[in-house]
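A.B. asks: One structure follows; several queries about it will come next.
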Amino acid sequence: MMEQLDACNQLEAARIHKLVARKKGRPGQKDLEKMAQWLDRGQARVTERQAMHKPATFPASLPVSERVDDIREAIEQNQVVIIAGETGSGKTTQIPKICMNSGRGIRGLIGHTQPRRIAARTVAGRIAEELGEQTGGQVGYQVRFTDTTSDQSRVKVMTDGILLSEVQHDRFLDRYDTLIIDEAHERSLNIDFLMGYLRQLLPKRPDLKVIITSATIEVERFSQFFNGAPVIEVSGRTYPVDVRYRSLTGDEDDRDQGWTDGVLRAMEEIEQHERAEKQPPGDVLVFLPGEREIRSLSKVLRHADLRHTEVLPLYSRLSNQEQNRIFQGHRGRRIVLSTNVAETSLTVPGIRYVIDTGVARISRYSVRSKIQRLPIEPVSQASANQRAGRCGRVAPGICFRLYDETDFINRPEYTDPEILRTNLASVILQMTTSGLGDIRHFPFLEPPDRRLINDGYKLLEELGAVDDKRRVTNLGRTMARLPLDPRLARMLVISSEQGSLAETLVIIAGLSVQDPRERPQDKQQAADQAHAPFNDKESDFLTLLNIWNFYEEQRQELSQNQLKKVCQKSFLSWMRMREWRDIHRQLTLICREQKLKLNRDSASYESLHKAILAGLLGQVAVKLEKKEYLATRNRKVMIFPGSKVSKTGPKWIVAAEIVETSRVFARVVAKIEPEWIEPLAGHVVKHHFFEPHWEQKRAQVMGYEKVSLYGLDIIAKRRIPYSKVDPAECRNLFIRRALVEGDYQSRAPFIARNRELLDTVENLERKTRRRDLLVEDEVLVAFYEQRLPADIVSGRHFESWWKQLSADQLRDMELTEADILQRPVDEQADSLYPDYLEWEGVRYPLSYEFEPTSERDGVTLQAPVMALKQLPARRLEWLVPGLLREKCIALVKGLPKALRRNFVPVPDFVDAALENLQASNEPLALQLGEQLRRMTGVRIDADAWPQEDLPKHLRMNLRVVDDAGKPIAEGRETEKLQSE
DNA sequence: CTCTCCCTT
């Protein structure tokens, strides 16, 4: 049986091989029956196709026809052949036929890829036509949503994206015996990926033939990449193009003006040329970087009074109707003003002259700022030549380059391939889930930069598609099954959990197609009016949803023609609406397969936008002022003025895209609430904790938290319990603030006792006016640190801890005098500094303060206003025993010098005097003077004594309180207070 | 106060 496999269809042969391999070479009876069935079918298919085969013929007019034999020979003798040829060589249509004539496309398919869908369809049509058939017979094509291939197909034309997607199911591409990769020089992401994949596949599929076709550029690179594969060059059937450099003169500052002048001068030269050569006016194609430039130049040209001249704009966003005008016949001259669409995607017929400004908007991705930029850049030499070639298709042409030749020579040969200019998240996810190994080791034609790869991984991490070790998660695997940008795929998956899948499906499909809203230049107002009912001021996503709902309602009631009319009236592109619906349907089917839940009730704004937000975490922004927003990664952005949300300017927004053109714009945005972010972004937000502090009421250490998303503060200062953040710091603060400083109400008996002990000592310090009694706080901190377990970080912890202590342990928590005193306490302290002054059976409370700057410094006696008159004013002069000596010394030292020098040394005289003095309600100074006179014979006049200028603490402070104990007057002038 | 162009499980 195995010998017969060579005559069997490849796909069946591969199945048989696989089954044999799985059964380790010993298939059972049932397997054998199955295999025999496959073999029959496979052989039947081969014979059927062989019977169908008629040798193809080649039109003599095509240059490629001259090389048919060379090409066939090269293909038969090599696994890979590179065919280089310019447009018009016929390679695209003829090479598949050469392959057919060489017997390929029998056991397997001849696969033929094109970069664009339209091209795939038309190429298939042309090949079929040349074989005298219609598509769907020997030649079929497959693009997204359409597959016309059948069992009879020998040639399958498809977009390169389709072939790439088939890799997922058919790792060896077993159904193909030949692959033709067309337009490889365009170097799209798909092409570069396919090239690498094929290079790995070739040794495993020795029977597979690969043909790479390209414009004459880059041919050597392809040949080297495929081990020196032979190159066959085919001449193009094109006419010579005369390239004339007409660099701009004038002011560099105003580029628009420069280009306008340059184009007008080139038009003059064209007219001269036509007059000299006696030629009728030929059509002109002008390459400009963008819509704005096209509009401004078209305005100028329409007013420039050019005879019999029609000016047509051409760019991708134009409606089909407007684009199709370039294919309609016309009289006189036509000038087409175009963007890059006319360089590769669209062929403008009948062009005799090209005017090339030499620039284009090229998409660049900045890894540093994560911004997609669209700068206007000089195009590469390859691109400029492609543009020039657009006027040599029907007759010799002239290309005017509005720059000089040195400029041209100094330009890069080729445009950077897309893989070096784009975010790689999608490529990485596809590669990883289809087991293609590490992207860093994949044989790319030009490997992307390490930073670009890291950046792709980071986005996948943000989306939860890979974990922090870069392993694909289950979520990532689901996402990889969706034919969507990973961000959109993320939204879809989460929306089924949020109960907003139905709406999200619509929005995501809508984001995948071009904006269906049309806004023709001459009917802008009418278009805006027609779109007005769809607009949502808070969310561009809802605007999309409104358009969809409107369209769906109409679609169900109207015929296709009526629906087309409604679209036209509403300024909606019918084609794009249909594309939108196609994608929506495709995604709906996949969601069903992936068992994602479709919500029946309509989703709330919140649940819908949370799903959207989950895919766009890196694109959040907060309003700074008027029109300016600060986005993540410190990017300043502005809402795109076309967005209806830009009118309301909400505080927080999320944007589907951030693109830099003339400014950094946030496109397709919606209002969000900042609280939604953190729960969705737990894995990417950063937390910063600060200002831990003891809060007495909560009996715990609290602090603040700042939450930021890629440098953007989404929560500036949130109060949080600090114990989870830094338990050691909490314990430290608890000991210092609560236990040592006493800012805490505890029920623990030892705390009350310790407090009492400390109060006594502190009071004694106030009385004795010294600060050297109590140990430093650090000693108390150390006391508690030694005794408190590490996990006691708050009042709650503390209370439950001490309650289970034994009596001994409780006692151990009590401070002793030995613990807290720096030196022994004077035993007489209590009598030297009494707490009451007793006079005639009344006890007046005394309080002490040691704060020289304070009004209350010293001793304060409190007396009720009722008792004020009975107060012994003179007795107060005697203060308390502990302060009397200091006061007397101060009194003597305050005497005039002539008197004072009789009592030196003063302390000795005072001590001697005090021996005979007893506190009484007599004036202190006079009593003291009397004693001094007795010792020395010197008499001191009453008015010689200092009074008011004694330090505050040496005069009794009197506080008068009312019945309720509330202070009503206070001062050191006892008699004055008494008389008031 | 306005943006090149393609492709798909």
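Where a number appears in this text, it was derived from the coordinates with a stated rule and is not lab data. These figures come from a predicted structure and were not determined experimentally. Neighbour counts are summed over all protein chains in view; Cβ atoms, including those assigned to glycine, are modelled from backbone coordinates with ideal geometry.
A.B. asks: Please give every one of the aspartates and glutamates within straight-line cross-link reach of A:LYS976, meaning a C-alpha to C-alpha distance under 16 Å, and leave out same-chain neighbours fewer than 8 residues apart.
C.D. replies: A:GLU877, A:GLU948
A.B. asks: Continuing with this model, one more query. Using modelled amide H (1.01 Å from N, peptide plane; none on Pro or chain starts), what sits under 5 Å from the amide H of A:VAL466, excluding residues fewer than 5 places away?
C.D. replies: Residues meeting the amide H criterion: A:GLU461, A:THR473.
A.B. asks: May I ask what percent, to the nearest 5, of DSSP beta bridges between residues of region A:830-979 are antiparallel? Working shown, then result.
C.D. replies: On the way: 12 of 17 bridges.
Taking every DSSP beta bridge within region A:830-979, about 70 percent pair in antiparallel fashion.
A.B. asks: Right, here's the next one. Relative contact order for region A:848-980: what percent, with Cα pairs under 8 Å and sequence separation of 6 or more?
C.D. replies: Details: 164 pairs, mean separation 47.7, N = 133.
Taking the mean separation of contacting Cα pairs over the length of region A:848-980, I get 36 percent.
A.B. asks: For chain A, give the share of DSSP beta bridges that are antiparallel, in percent and rounded to the nearest 5; count only bridges with both residues there.
C.D. replies: Details: 59 of 119 bridges.
Close to 50 percent.
A.B. asks: Counting only helical runs of four or more DSSP H residues, what would the 222 nm mean residue ellipticity of chain A come to if each run contributes -39,500 (n - 2.57) and the total is spread over all its residues? Spell out each step's value before the answer.
C.D. replies: Working: 39 runs with 396 residues, N = 980.
After summing the helix terms and dividing by residue count, I get -12000 deg cm²/dmol.
A.B. asks: Moving on to the next point. What is the packing order of peptides A:94-107, A:896-909, taking the mean over residues of other C-beta atoms within 10 Å and listing the highest first? If you can, show how the numbers build up before the last one.
C.D. replies: Details: A:94-107: 22.9, A:896-909: 13.4.
Averaged packing, sorted descending, gives the order A:94-107, A:896-909.
A.B. asks: Return the whole-Å distance between the Cα centroid of region A:198-229 and the Cα centroid of region A:653-677.
C.D. replies: With region A:198-229 and region A:653-677 each reduced to a Cα centre, they are spaced 43 Å.
A.B. asks: Does anyone have the angle between helix A:540-557 and the longest principal axis of chain A? Alpha-carbon axes, 0 to 90°, nearest 10?
C.D. replies: 40
A.B. asks: According to a simple spin-label model (label point 7 Å from Cα along Cα-to-Cβ), what is the distance in nm between A:THR661 and A:MET1?
C.D. replies: Taking the simple label geometry, A:MET1 and A:THR661 are separated by 6.3 nm.
A.B. asks: For chain A, what does the relative contact order come out to in percent, with C-alpha contacts under 8 Å and a separation of six or more?
C.D. replies: The value is 6 percent.
A.B. asks: Among DSSP beta bridges whose residues both lie in region A:619-705, state the antiparallel percentage, nearest 5.
C.D. replies: Working: 23 of 25 bridges.
Approximately 90 percent, going by the DSSP bridge assignments.
A.B. asks: Less than 15 Å Cβ to Cβ from A:HIS273, Lys/Arg counted +1 and Asp/Glu -1: what total charge do the surrounding residues give? Don't jump to the answer; show the numbers that get you there.
C.D. replies: Numbers: positive: A:ARG244, A:ARG246, A:ARG265, A:ARG275, A:LYS278, A:ARG333, A:ARG352; negative: A:ASP242, A:GLU268, A:GLU269, A:GLU271, A:GLU274, A:GLU277, A:ASP283.
Residues close to A:HIS273 contribute a combined charge of 0.
A.B. asks: Show which lysines lie in cross-link reach of A:LYS887 when reach means a straight Cα distance below 20 angstrom and same-chain residues fewer than eight apart are skipped.
C.D. replies: Counting by Cα, and skipping residues close in sequence, A:LYS887 has these lysines nearby: A:LYS767, A:LYS897, A:LYS952.
A.B. asks: Can you tell me the dipole magnitude for chain A around its Cα centre, using point charges on the Cβ only (Lys, Arg +1; Asp, Glu -1), in Debye to the nearest 20? Please report the intermediate quantities before stating the final value.
C.D. replies: On the way: 146 positive and 142 negative charges, 739 e Å.
The calculated dipole for chain A is roughly 3560 debye.
A.B. asks: Find how many whole Å separate the alpha carbon centroid of region A:515-535 from the alpha carbon centroid of region A:852-889.
C.D. replies: 92
A.B. asks: Now a separate question. In straight Cα distance, which lysines are under 30 Å from A:LYS156, not counting same-chain residues fewer than 8 positions off?
C.D. replies: Cα-Cα hits under 30 Å: A:LYS18, A:LYS34, A:LYS54, A:LYS91, A:LYS97, A:LYS204, A:LYS209.
A.B. asks: For every other residue with a beta carbon closer than 9 angstrom to the beta carbon of A:PRO516, add +1 if it is Lys or Arg and -1 if Asp or Glu, then tell me the sum. Intermediate values should be presented prior to the final figure.
C.D. replies: On the way: positive: A:ARG517, A:ARG576; negative: A:ASP515, A:GLU518, A:GLU579.
Summing Lys and Arg as +1 and Asp and Glu as -1 gives -1.
A.B. asks: Something else: Sort out for me the Cα centre separation of region A:1-32 from region A:689-704, rounded to whole Å.
C.D. replies: For region A:1-32 versus region A:689-704, the Cα centre distance is 74 Å.
A.B. asks: Related question: Once the dipole of region A:481-611 is set up with Lys and Arg at +1 and Asp and Glu at -1 on Cβ about the Cα centre, which of A:GLN514, A:SER559, A:ASN546 lies farthest towards its positive end?
C.D. replies: A:SER559
A.B. asks: In the P(r) worked out for chain A, what percent of Cα pairs fall beyond 38 Å?
C.D. replies: On the way: 313614 of 479710 pairs.
Here the tail beyond 38 Å accounts for 65 percent of pairs.
A.B. asks: Just order A:828-840, A:153-165 by mean Cβ neighbour count inside 10 Å, highest at the front, would you?
C.D. replies: On the way: A:828-840: 13.9, A:153-165: 23.6.
Answer by packing, highest mean first, reads A:153-165, A:828-840.
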